[in-house]
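Working notes for the structure below.
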Amino acid sequence: MNLSLKSPCESFVSVSTCVKEKHKSLNLKPVHKSNRYFIHEIYFGSGIIGAMNINIIAVGKIREQYIKSGIEEFLKRCRPYSSVKITEIEAELVKNDSQIKKSISVEGEKILNNLADNAYIIVMDIPGKQFCSEEFASKIQDINIQGVNQIIFIIGGAFGLDQKVKEKADLFLSLSKMTLPHQLARLFLLEQIYRAFKIINNEPYHK
């Protein structure tokens, strides 16, 4: 099998010994549970390789107008680089503590129904891994390089996420050790996604 990177864009191949050796020579490691890779005509480390779809699944509605405006602005800024969308999951009404467990379970089922096959799942979680902006950009690029064209970020509701959702995670990501309101977390994440695209494409962006 000829694994030259000079082939036309997006030649799809199954993993074989040759493919693994080619990826080893590029010092890449599998980042996803999928067995397959895309090989692209590209200079690795320079820009997003293929079409990247990003879906932020978030529980609850944004109520403050200033946060809505910020989210809309960064969604607009991301469009030249990627398809980025937000899927809002309706939060369950909790009247007392006895309803919390059930509400988490119901919200979890709604989230699971919105997960796409072969997507790279990133669950936002305070104890999760923390990146600087450059490391976060590198992570997104590495995921894309290895053939995964969809990333799903999951932001839970006020009472957290169901264990079934957490079991789907490829990565647990923490934006901060501090507790952030869920609405602000959505805006913060979007800004970092946009910043990552600017870093990946070697474009200027204010510090």
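The values are calculated or read from the model by the stated rules, or taken from the named source; none is laboratory data. Source: prediction; values computed, not measured. Cβ coordinates were reconstructed from backbone atoms using ideal geometry, including for glycine residues, and neighbour counts include every protein chain displayed.
Out of all the residues in the range 109-124, is one or more over 14 Å from K168 (Cβ atoms), of a type in the set (A, V, I, L, M) and modelled with pLDDT of 95 or more?
No - not one qualifying residue is present in the range 109-124.
This table checks each residue for (1) without any contact (Cβ under 8 Å) to a residue 60 or more places away in the chain; (2) assigned to a helix (DSSP H, G or I).
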position	(1), (2)
Y81	no, no
S98	yes, yes
K101	yes, yes
I111	yes, yes
N114	yes, no
N118	no, no
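Pick from the range 131-153 the residues that are assigned to a loop (DSSP other than H, G, I, E, B) and not aromatic (F, W, Y): which of them is nearest to P204 (Cα to Cα)?
C132
Considering only residues that are within 19 Å of the chain's Cα centre (by Cα), of a type outside the set (S, T, N, Q), under 19 Å from V59 (Cβ atoms) and part of a loop (DSSP other than H, G, I, E, B), which ones fall in the range 154-207?
G156, L161, D162, E167, K168, A169, L175, L180
Being within 20 Å of N149 (Cα to Cα), surrounded by 12 or more Cβ atoms within 10 Å (Cβ to Cβ) and not aliphatic (A, V, I, L, M) is the filter here; which residues of the range 112-133 pass it?
The answer is N114, N118, Y120.
Taking K76 as the residue in question, decide whether it is among the basic types (K, R) and either assigned to a loop (DSSP other than H, G, I, E, B) or at pLDDT below 95 (or both).
Judged against the criteria, K76 is not a match.
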